[in-house]
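*Asks:* The structure that follows is given in the form of structure tokens.
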Amino acid sequence: MKVMRLLSSLKHDESERGIFYLGRALVKHGHTSIIIASADTDNELVKRLERDGNIYHQIIIPKKSWWSLLQVLPLRRLIEKHSPDIIHVHSRTPAWILRFALKGARVKSRPKIVSTMYGFYPINNYSKALIESDTIITVSNSVTDYLTAGIKHVDQSVNKVVRIYRGIDTRRYPYRHNPSVYWLRRTFAEFPELEHKKWLLFPTVVGAEYGQEWLIDILGNLKEQFPNIHVIIMDDEKDDGDIFYDEFRQRVFALELGDRITYVGSRRNDVREWLSAANIVLALANQPESIGINVLQAIHLGTPVVGWDQAAFAEILRPLYPLGLVKQHNALALCKSVKNQLESVTRPAMTEQFTIRLMIEETLAVYQQMFAERMAEQAAAKNPIKRAKKNNPAPLLEKVVDIEDIKKQYPVQKLKNKSRDVN
């Protein structure tokens, strides 16, 4: 089985896509993994992919840019060269380039197209190429519900919608991980105000939809009872006229809370240490969250999380840590939940849910199903009787498919525990 994956970019912060883990799993199962992205061939991430046995090609596809159309012909040539069985597209611009590239491509049979919908994309013409894949993978039930509710606004050619949660590498995020003494000393040297404090970690930037205004409610209501609470924001201090940052800073200054907030920047390289060292991780996005990757990481590390009872936050916390759920946009309930956690720490239990291993197994099961369907279609094309049945279209397949049914019908050999990074 040949699987080609098409991405706009290749970054460390795209861990929820499972780029490296899935490529390694495909190779270990004896399949061919081809990855097309914009990173240079001498990039360290590309070298990592090639060390794992992936075939890499560079095609620069800038998001939401007409310049991407220049890559239609190069992509068509790669499709003709490799003749993949499955093409997995990860965003909307590459989906359109793929659609144009497949028109006129000299291949024996059209490859099966799988797409992943990572967020609440507008159901419009720009999303049409992504939505009209043979199979759509959604990253949470809330995204599935959103998609199926809005699917009537586009061409009803979508066949299947399969929900596969994003997963965490439990080797990289082990339960009850403790930051090293060296890391703590270096952190206190850089941010001395954090020593001997209770850390409330806000693991995102300040912006319109991220809910930083709720931090003011927490500090304002609890600072007298807990004089050592301190908010850590994973964003840089800005001085560029950002309207949301300026508004937040002005409110903090007016309420004299500035000495209780520290901006530490994005911290991509040591986010695990910050999540594990925090007393509470806060998930306060005002807009529904589709993945909630920081919440997942914190839960697997055993760090308490307090977050709104909505979308992906609810889907993660309800089975794993219901104590952290708070009624949406209720400041009183939020402060009460934070107060209870500071008074009596109750950590999440160790879990085997939402792991990278499950995500990979379920994705491979989808690939196996699509490959089996493609082989059946090729066999039917050679058989006149079956071809006649094929030309008589069957009713539209059920929109939402249970991943467990796919795994039972197309079992995938489980990855061994000794595998290097996959867990």
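The values are calculated or read from the model by the stated rules, or taken from the named source; none is laboratory data. Not measured: the values here are computed from a predicted model. So basically every Cβ, Gly included, is an ideal-geometry build from the backbone, and we count neighbours across all protein chains shown. Surface areas here come from the heavy atoms of the whole protein model, side chains and all, with no ligands, DNA or RNA. Shrake-Rupley method; radii C 1.70, N 1.55, O 1.52, S 1.80 Å.
*Asks:* Among the residues of segment 290-304, which ones are over 12 Å from L317 (Cβ atoms) and part of a helix (DSSP H, G or I)? Working first, answer last.
*Replies:* Taking segment 290-304 first, the residues over 12 Å from L317 (Cβ atoms) are 290-291, 293-294, 297, 300-303.
I293, N294, Q297, H300, L301, listed by residue number.
*Asks:* Residue by residue through segment 276-286, note down the ones that are closer than 20 Å to C335 by Cα and either under 16 Å from the mean Cα position of the chain (by Cα) or not in a loop (DSSP other than H, G, I, E, B) (or both).
*Replies:* Within segment 276-286, the first condition is being closer than 20 Å to C335 by Cα, and the residues that meet it are 278-286.
Residues satisfying the conditions are I280, V281, L282, A283, A285.
*Asks:* Return yes when L102 is modelled with pLDDT of 90 or more, among the aliphatic types (A, V, I, L, M) and surrounded by fewer than 20 Cβ atoms within 10 Å (Cβ to Cβ) and no when it is not.
*Replies:* Details: modelled with pLDDT of 90 or more: yes; among the aliphatic types (A, V, I, L, M): yes; surrounded by fewer than 20 Cβ atoms within 10 Å (Cβ to Cβ): yes.
So L102 fits the description; yes.
*Asks:* Looking at segment 284-304, which of its residues are farther than 19 Å from G211 by Cα and among the aliphatic types (A, V, I, L, M)? Outline the logic, then answer.
*Replies:* Start the filter on segment 284-304 by keeping residues that are farther than 19 Å from G211 by Cα, which leaves 297, 299-303.
Matches in segment 284-304: I299, L301.
*Asks:* For segment 218-229, state whether one or more residues are assigned to a strand (DSSP E or B) and touching a strand residue (DSSP E or B) at 6+ places or on another chain (Cβ under 7 Å).
*Replies:* In the first step, residues of segment 218-229 are kept if they are assigned to a strand (DSSP E or B); the result is 229.
With the extra rule that they be touching a strand residue (DSSP E or B) at 6+ places or on another chain (Cβ under 7 Å), the set shrinks to 229.
The answer is yes, given that some residue of segment 218-229 is assigned to a strand (DSSP E or B) and touching a strand residue (DSSP E or B) at 6+ places or on another chain (Cβ under 7 Å).
*Asks:* Just to confirm my filter: which strands (runs of 3 or more DSSP E) fall fully inside segment 129-214 and include at least 1 residues that are within 27 Å of A311 (Cβ to Cβ), among the aromatic types (F, W, Y) and more than 22 Å from the chain's Cα centre (by Cα)? Walk me through it before giving the result.
*Replies:* Values: elements: 135-138, 160-163, 198-202.
Strands (runs of 3 or more DSSP E) meeting the threshold: 198-202.
*Asks:* Residues that are part of a helix (DSSP H, G or I), within 30 Å of the chain's Cα centre (by Cα) and aliphatic (A, V, I, L, M): does segment 243-253 have at least one?
*Replies:* yes
*Asks:* If you don't mind, there's one more thing I want to ask. Inside segment 321-340, can you point out the residues that are part of a helix (DSSP H, G or I) and either in contact with a His (Cβ under 8 Å, 6 or more places away or on another chain) or among the basic types (K, R) (or both)?
*Replies:* From segment 321-340, those part of a helix (DSSP H, G or I) are 322-324, 331-340; that's our starting set.
If the condition is that a residue be part of a helix (DSSP H, G or I) and either in contact with a His (Cβ under 8 Å, 6 or more places away or on another chain) or among the basic types (K, R) (or both), then K336, K339 are the ones that fit.
*Asks:* Quickly run through segment 262-280 and pick out the residues that are of a type in the set (A, V, I, L, M) and either in contact with a Pro (Cβ under 6 Å, 6 or more places away or on another chain) or at pLDDT below 95 (or both). Explain how you work it out, then say what you get.
*Replies:* To start, the set of residues in segment 262-280 that are of a type in the set (A, V, I, L, M) comprises 264, 271, 275, 277-278, 280.
Within segment 262-280, V264, V271, A277, I280 qualify.
*Asks:* While we're on this one: Scanning for something free of Cβ contacts under 8 Å to residues at least 24 places away in the same chain and in contact with a Phe, Trp or Tyr (Cβ under 8 Å, 6 or more places away or on another chain), does segment 20-40 turn up at least one residue? Show your work before the answer.
*Replies:* The first filter runs over segment 20-40 and keeps only residues free of Cβ contacts under 8 Å to residues at least 24 places away in the same chain, leaving 30, 40.
Filter once more, keeping what is in contact with a Phe, Trp or Tyr (Cβ under 8 Å, 6 or more places away or on another chain): none.
Looking for residues that are free of Cβ contacts under 8 Å to residues at least 24 places away in the same chain and in contact with a Phe, Trp or Tyr (Cβ under 8 Å, 6 or more places away or on another chain), one finds none in segment 20-40, hence no.
*Asks:* Being open to solvent by 10 Å² or more (accessible area, probe 1.4 Å), part of a helix (DSSP H, G or I) and touching a residue at least 12 places away in the same chain (Cβ under 8 Å): is that true of Q378 here? Don't jump to the end; show me each part of the working.
*Replies:* Details: open to solvent by 10 Å² or more (accessible area, probe 1.4 Å): yes; part of a helix (DSSP H, G or I): yes; touching a residue at least 12 places away in the same chain (Cβ under 8 Å): yes.
The answer is yes for Q378.
*Asks:* Could you grab me the full set of residues in segment 256-275 that are closer than 15 Å to V231 by Cα, part of a helix (DSSP H, G or I) and either open to solvent by 50 Å² or more (accessible area, probe 1.4 Å) or β-branched (V, I, T) (or both)? Break it down stepwise before answering.
*Replies:* Restricting attention to segment 256-275, the residues satisfying the condition of being closer than 15 Å to V231 by Cα are 256-266, 274-275.
Cutting the leftovers down to part of a helix (DSSP H, G or I) gives us 258-260, 274-275.
The answer is D259, and nothing else.
*Asks:* Please work out which residue is surrounded by the most Cβ atoms within 10 Å (Cβ to Cβ), limiting yourself to segment 204-236 and to residues that are acidic (D, E) and touching a Gly at 6+ places or on another chain (Cβ under 9 Å). Give the steps one after another, and end with the answer.
*Replies:* So the first thing to find is which residues in segment 204-236 are acidic (D, E), and the list is 209, 213, 217, 224, 235-236.
Checking which are touching a Gly at 6+ places or on another chain (Cβ under 9 Å) leaves us with 235-236.
Values: D235: 21, D236: 14.
Applying the filter and picking the extreme gives D235.
*Asks:* Just to be sure, is A380 of a type in the set (G, A, S) and at pLDDT below 90? Before the answer, list the steps.
*Replies:* Details: of a type in the set (G, A, S): yes; at pLDDT below 90: yes.
Yes.
*Asks:* Condition check: touching a residue at least 40 places away in the same chain (Cβ under 8 Å) and open to solvent by 40 Å² or more (accessible area, probe 1.4 Å). Does S8 satisfy that?
*Replies:* Details: touching a residue at least 40 places away in the same chain (Cβ under 8 Å): yes; open to solvent by 40 Å² or more (accessible area, probe 1.4 Å): no.
In short, no.
*Asks:* Out of everything in segment 63-78 that is of a type outside the set (A, V, I, L, M, F, W, C) and open to solvent by less than 50 Å² (accessible area, probe 1.4 Å), what residue ends up being modelled with the highest pLDDT?
*Replies:* Narrowing segment 63-78 to residues of a type outside the set (A, V, I, L, M, F, W, C): 63-65, 68, 71, 74, 76-77.
Pick out the ones that are also open to solvent by less than 50 Å² (accessible area, probe 1.4 Å) and you get 65, 68, 71, 74.
Values: S65: 74, S68: 78, Q71: 87, P74: 92.
My answer is P74.
*Asks:* Return the total of residues in segment 38-54 being open to solvent by less than 60 Å² (accessible area, probe 1.4 Å) and either assigned to a loop (DSSP other than H, G, I, E, B) or in contact with a Ser or Thr (Cβ under 7 Å, 6 or more places away or on another chain) (or both). Give the derivation first.
*Replies:* Of segment 38-54, the ones open to solvent by less than 60 Å² (accessible area, probe 1.4 Å) are 38-39, 43, 45-46, 49, 52-54.
Subsequent filtering for residues that are either assigned to a loop (DSSP other than H, G, I, E, B) or in contact with a Ser or Thr (Cβ under 7 Å, 6 or more places away or on another chain) (or both) retains 38-39, 43, 52-54.
Adding up the residues that qualify gives 6.
*Asks:* Hey, any hits in segment 115-132 for a residue that's within 16 Å of I35 (Cβ to Cβ), open to solvent by 50 Å² or more (accessible area, probe 1.4 Å) and either modelled with pLDDT of 90 or more or touching a helix residue (DSSP H, G or I) at 6+ places or on another chain (Cβ under 9 Å) (or both)? Full working, then the answer.
*Replies:* Initial filter on segment 115-132 (within 16 Å of I35 (Cβ to Cβ)): 115-116.
From the residues that got through so far, the ones that are open to solvent by 50 Å² or more (accessible area, probe 1.4 Å) too are none.
No, segment 115-132 contains no residue that is within 16 Å of I35 (Cβ to Cβ), open to solvent by 50 Å² or more (accessible area, probe 1.4 Å) and either modelled with pLDDT of 90 or more or touching a helix residue (DSSP H, G or I) at 6+ places or on another chain (Cβ under 9 Å) (or both).
*Asks:* Hey, another quick one. Give me the residue from segment 162-194 that is of a type in the set (V, I, T) and under 24 Å from T138 (Cα atoms) and, out of that set, surrounded by the fewest Cβ atoms within 10 Å (Cβ to Cβ). Give the steps one after another, and end with the answer.
*Replies:* Here is the first cut: in segment 162-194, the residues of a type in the set (V, I, T) are 162, 164, 168, 170, 181, 187.
If we keep only those that are under 24 Å from T138 (Cα atoms) too, we end up with 162, 164, 168, 170.
Working: V162: 22, I164: 21, I168: 26, T170: 18.
Selected residue: T170.
*Asks:* Residue under question is R110, and the condition is that it be open to solvent by 50 Å² or more (accessible area, probe 1.4 Å), touching a residue at least 24 places away in the same chain (Cβ under 8 Å) and closer than 26 Å to A372 by Cβ; does it hold?
*Replies:* Details: open to solvent by 50 Å² or more (accessible area, probe 1.4 Å): yes; touching a residue at least 24 places away in the same chain (Cβ under 8 Å): no; closer than 26 Å to A372 by Cβ: yes.
So R110 fails the test.
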